[in-house]
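These notes concern the structure reproduced below.
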Amino acid sequence: MTTLPPTFDRWFAQRGWTPHPHQQAMLARAHEPAVILIAPTGGGKTLAGFLPSLVELGDAPEPGLHTLYISPLKALAADMRRNLMTPIEEMGIAVRVEDRSGDTTQTRKKAQRADPPHILLTTPESLALLLSYEDAPRMFAGLKRVVVDELHALAESKRGDQLMLCLSRLSALCPGLQRVGLSATVEDPPALATFLAPYPAQCDIIEADPGPDPDISMLTTQTPPPWSGGGGRYAIREVLDAVARHKTTLIFHNTRAQAEIFFHELWLANEAALPIGIHHGSLALEQRKKVEAAMVASALRAVVCTGSLDLGLDWGDVDLVIQVGAPKNVKRLVQRIGRANHRYNAPSKALILPANRWEVIECHAAIEAVLAHDLDGDPRGPGPRDVLCQHILITACSGPFDATALFDEVTTAGPYADLSRAEFDACLDFVATGGYALRAYDRWQRLMQRADGLWQLRDPRLTQQVRMNIGTIIDTDTLKVRMKGRSGASAGKPLGEVEESFAASLVPGDTFLMGGKIVRFETLREMEVQVSRDRGRKPKLAVFSGTKFSTSTQLSERILDLLRRPRLPDLPHHTLDWIALQREVSQLPRAGRILVESFDHEDRPHTCIYGFAGKNAQQTLGLMVTRWMEDAGLGPLGFVATDYATLIWSVSHLDNPAKALDASGLRDGLDGWLAENALMKRSFKGAATIAGMITRNLPGKRSSGRQATFSADILYDTLRKYDPDHLLLSITRDEAMRGLIGFGRIDEMLARTGGLIDHVHPGRVTPFAAPLFLEVGKVPVEGTGVEALMRAEADRLMIEAGLA
Amino acid sequence: MKGYEFIFTGVKLTLLPSGALWWPDQKLLCVSDLHLGKSERLARNGGAILPPYETRDTLHRLQTDIETSGARTVVCLGDSFDDVEASENLPETEALWLARLMAGRRWVWIEGNHDPGPIEFAGTHLAELLRPPLYFRHIARVGASGEITGHFHPKAKLHVKGRTVSRPCMLFDGDRVIMPSYGTYTGGLWSDHSVLSRLMRPEAIAVLLGDPPQPIPMPR
């Protein structure tokens, strides 16, 4: 076992600390190929990750890169540098630490490549970019360790898959490289180990003492929550009171728009003028930095925030976390709760505020799950091939490569361990020639095979375009928002960003919320939204992109289970009343049966199917049932799915849901129907962008949705018609099946219920169906229904205008 | 021919579901902005690399329209090729296909801003074509009358009960017709763009492509 050198012993002693057992365990396993440390926030996780590096580097380290630290957030890298500098400076060891991200200046980035620090803190995208340079082997020569922070968060997305491919590249450049993963909340540690470890190496998992259970409860309010809606505005008073009773409170929201509204309402009610800030991903960097600095200086009593603070900046004395709206996912809730109280052995304190009565049930189920340590999460399936295509292109930028060597390397990455050579070759072929479709066009070939068998870029100028398009995050097109005016303190001040589609809907004089301020839209100029200050008018609601997550299937099951208990748990009386009303006007879902409600809303027939199969499966169910309805001539117009139900609207009534829900009938022709669906086109756009068929950024040009001269939809339709076996279509199908999983779950649901359906006609929108009308992500059905509506509307307009 | 029939400066015309314009008295078929070879030009200029099927797709629709109408004259209203080089680089199968379509009928290539020079293909190359009372040219001129043009690729939106349907469209009023783009990988300009709003009279109609095409008051 590695023991602490005297310098470190003295430092711990000076501080009156002893190393945690898990910190010592990390030292003991410093030479393992891969180790994962699972420890709660505040458990000294970061120091545990870095301790072996610091010990190895010693008092007078040799120059050269020793440890790479990777975090999903660039802010985290900068924050980590500050934290790491404290022990380094106090111990007086000559270790150089630097960070590198999209915000780092070009000069410094160049200097880092020429003379790298001992420890470099960076993001997955910046690492991919570094690996695309020809001098990558020189820069990474001698690298010993890679520390991946927030591993669980990365493992949920394509960013993680890309990172693992980059690590496979690094391991090839630096044999013997050790990988360390740090994580706070993990539902399936062995799966995470397979993800991180270089296949087929083993990976040790060290679990630190999780500390005491959190002190978590539902925020009870004077006013009952509304029947639907997601803002939690009804509880402004109680939230302000809670803020006043604590030192620092984080108020989490699930969407940026909700955070904006809530923040605005908080200020209107904030008679004591408590200093409260707002932080979310659509706000300008300057704004966010200001809030972060104020937070660290303990100048704020509360921060209204979103997923942008899910991950761990260490922010002073947070002693309360309030989650507004149903947490949707137990793991994320635990993560957020962990942001309160960074002292290791004291419980974190959290309040959950349900935004509507449905969410009261969900919040209750979530609290039960947290206390039962029942975390949720879906297995992710094999690494996506669009990410592999990008990786091949990045590899080619750094220099000629051998296909077999690259294949061997790629299959050491956990997510790609099962990749077949044929699949790899298809990706290589697509990158090299565009695949079968583009092969005929000589000049379109991006890679060429040299006489010695190595592959290289045909045109070295391509490197610039590849580097500009690295990454797997598909941004919605956004426009910057700035204060208008040439003079004055606020002139030209950046406020943040809004989605391009939202900006396009604005007319001068419209007002909207941005950073809690009401601003007035003036003009759209040089791709920037110019606004002025405006007070006291009712603002429009800005549409922000950002993470929209759905309730985990595990949590859905808990909710259904709760509803079926013979005695409902101890819920607030208003929610019990609401459930009673549902029972009265319709009924509650019963075990072994599917509840279907038919009612009219705004003169349009609606059907609500309560499958409790999770959002993805309910969405697939929506696709299947609307297809059946289209064939039956019922004119389906669209549907929306939540974790517990699917709501369909149509021209005619669905009178016989049992037929529409017939398992064998549903499957017929599903492939063709899926292929034409809007959901597939969304997946295609992402895959085509990541794989490099659609280019986001071209040197010297800003490409935006507005300026794009062709649409991904048309591309998709054309490929389907002329090249149905194209690699990108195959990737899209995989992706859609993964996203729209649920064939299995739907089959299981139908088998379990054996076609037994409770079909009710309540004659009105039911209490349980109401929230579905406010769901985002409505899926339009392109069929005879919408065509008929369109023609009727067009005729009406012609007559109204006197043109017909 | 099935489509949207209308009278323009005393001439009976039909907009076909595909976006082609049919003049039955002259057996004349007019299509605009084919942008053949667009994917090839983009790739050549270092742009996006797109599958090269748009030329085939466009020719396929053109063939169907020519066969069902029995056109004696075909007028391509400019920007038929994405640039002059794209016309030279057209793959052999597609070049032959185009030649087959041209055989046995009068074929007029109007110059567009993308393909201003003469191209390799046979047929008549003109800056504009006069067939009284109609003028065929690529870009609309302010003050002109009886004019049939393309260039802008107009498209329009219709809001229907919380949904937005957007389609390529033809714009027309008493003075001019602006054709939709016929090519596959071509974007469009919303009809409420100031350029189009200024060009068209207040009572202008937008005919949304579809089967059959659907007229609406031009959204502006």
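The values are calculated or read from the model by the stated rules, or taken from the named source; none is laboratory data. For clarity, every value in this text was computed on a predicted model and none was experimentally measured. Here Cβ is always computed from backbone atoms with ideal geometry, including for glycine, and neighbour counts include all displayed protein chains. To get the accessible areas, we keep the full protein, side chains included, count just its heavy atoms, and leave off ligands, DNA and RNA. Shrake-Rupley method; radii C 1.70, N 1.55, O 1.52, S 1.80 Å.
Remarks
- You will find that of A:217, A:183, A:168, A:157, the residue that is among the polar types (S, T, N, Q), open to solvent by less than 10 Å² (accessible area, probe 1.4 Å) and closer than 30 Å to residue A:368 by Cβ is A:183 and no other.
- Those residues of region A:779-802 which are more than 8 Å from chain B (Cβ to nearest Cβ), surrounded by 14 or more Cβ atoms within 10 Å (Cβ to Cβ), assigned to a helix (DSSP H, G or I) and of a type outside the set (Gly, Ala, Ser), in sequence order: A:784, A:795
- Boolean, residue A:78 is among the small types (Gly, Ala, Ser), within 30 Å of residue A:290 (Cα to Cα) and open to solvent by 10 Å² or more (accessible area, probe 1.4 Å): yes
- Residue B:205, sole failed condition from (1) loosely packed, with under 14 Cβ neighbours inside 10 Å; (2) more than 21 Å from residue B:87 (Cα to Cα): (1)
- Flag if residue B:181 is surrounded by fewer than 24 Cβ atoms within 10 Å (Cβ to Cβ), at negative phi and of a type in the set (S, T, N, Q): no
- Between A:127, A:154, A:165, A:177, the distinction of being out of contact with any Gly (no Cβ under 8 Å at 6 or more places or on another chain) and closer than 21 Å to residue A:471 by Cα belongs to A:127 only.
- Boolean, residue B:160 is surrounded by 15 or more Cβ atoms within 10 Å (Cβ to Cβ), more than 14 Å from every other protein chain (Cβ to nearest Cβ) and closer than 24 Å to residue A:791 by Cα: no
- Region A:639-652 residues that are open to solvent by less than 10 Å² (accessible area, probe 1.4 Å), paired with ones that are of a type in the set (Phe, Trp, Tyr) and assigned to a strand (DSSP E or B) (beta carbon under 7 Å, 6 or more apart): A:645/A:610; A:646/A:639; A:647/A:639; A:648/A:639
- Hey, residue A:64 part of a loop (DSSP other than H, G, I, E, B) and more than 27 Å from the chain's Cα centre (by Cα) or not: yes
- Scanning region A:2-17 for residues that are at pLDDT below 85 and hydroxyl-bearing (Ser, Thr, Tyr) returns A:2, A:3.
- Matching entry among A:198, A:226 (being modelled with pLDDT under 85 and either surrounded by 15 or more Cβ atoms within 10 Å (Cβ to Cβ) or part of a loop (DSSP other than H, G, I, E, B) (or both)): A:226
- Scope region B:185-194; condition surrounded by fewer than 22 Cβ atoms within 10 Å (Cβ to Cβ) and within 18 Å of the chain's Cα centre (by Cα); matching residues: B:187, B:188, B:189, B:190
- Among the candidates B:140, B:144, the residue that is over 15 Å from the mean Cα position of the chain (by Cα), in a loop (DSSP other than H, G, I, E, B), among the aliphatic types (A, V, I, L, M) and more than 14 Å from every other protein chain (Cβ to nearest Cβ) is uniquely B:144.
- Filtered residue count, region B:47-61, keeping only those that are over 20 Å from residue A:685 (Cα atoms) and either within 9 Å of chain A (Cβ to nearest Cβ) or surrounded by fewer than 22 Cβ atoms within 10 Å (Cβ to Cβ) (or both): 5
- Answer residue from region A:761-778, given it is open to solvent by less than 30 Å² (accessible area, probe 1.4 Å) and among the hydrophobic types (A, V, I, L, M, F, W, C) and is nearest to the other protein chains (Cβ to nearest Cβ) among those: A:772
- Residue in region A:245-266 that is at pLDDT below 85, among the polar types (S, T, N, Q) and not in a helix (DSSP H, G or I) present: yes
- Of the criteria (1) hydroxyl-bearing (Ser, Thr, Tyr); (2) open to solvent by less than 70 Å² (accessible area, probe 1.4 Å); (3) away from chain A (no Cβ under 14 Å), which one residue B:135 fails: (2)
- Qualifying residue in region A:557-571 (condition: modelled with pLDDT of 70 or more, under 30 Å from residue A:133 (Cα atoms) and of a type in the set (A, V, I, L, M)): no
- Flag set for residue B:69, criterion: away from chain A (no Cβ under 14 Å), under 22 Å from residue B:168 (Cα atoms) and open to solvent by 10 Å² or more (accessible area, probe 1.4 Å).
- Of the numbered criteria (1) more than 23 Å from residue A:329 (Cα to Cα); (2) crowded, with 23+ Cβ neighbours inside 10 Å; (3) among the basic types (Lys, Arg), the one residue A:237 fails is (2).
- Filtered residues of region A:100-122 (kept if open to solvent by 10 Å² or more (accessible area, probe 1.4 Å), within 23 Å of residue A:57 (Cα to Cα) and assigned to a loop (DSSP other than H, G, I, E, B)): A:115, A:116, A:118
- Residues in region A:591-639 that are under 22 Å from residue A:560 (Cα atoms) and touching a Cys at 6+ places or on another chain (Cβ under 9 Å): A:595, A:596, A:597, A:598.
- If you filter region A:708-720 down to residues that are assigned to a helix (DSSP H, G or I) and at the interface with chain B (Cβ under 7 Å from one of its Cβ atoms), you find that the one that is modelled with the lowest pLDDT is A:714.
- Matching option when the condition is touching a His at 6+ places or on another chain (Cβ under 9 Å), at pLDDT 85 or above and within 30 Å of residue A:36 (Cβ to Cβ), among A:216, A:206: A:206
- Only a single item in (1) in contact (Cβ under 8 Å) with a residue 12 or more places away in the chain; (2) hydroxyl-bearing (Ser, Thr, Tyr); (3) more than 23 Å from residue B:34 (Cα to Cα); (4) facing chain A (nearest Cβ under 10 Å) is not met by residue B:186, and it is number (3).
- Selection within region B:195-212 - more than 7 Å from every other protein chain (Cβ to nearest Cβ) and either more than 15 Å from the chain's Cα centre (by Cα) or on the phi > 0 side of the Ramachandran plot (or both): B:195, B:196, B:197, B:198, B:199, B:200, B:201, B:202, B:204, B:210, B:211, B:212
- Among the residues of region A:132-148, those identified as open to solvent by 10 Å² or more (accessible area, probe 1.4 Å) and touching a residue at least 12 places away in the same chain (Cβ under 8 Å) are A:133, A:134, A:135, A:137, A:141, A:142, A:144.
- Taken together, the criteria exclude residue B:84 from residues that are away from every other protein chain (no Cβ under 14 Å) and within 26 Å of residue B:10 (Cβ to Cβ).
- Of all residues in region B:110-132 being open to solvent by 20 Å² or more (accessible area, probe 1.4 Å) and among the small types (Gly, Ala, Ser), the one that is modelled with the highest pLDDT: B:127
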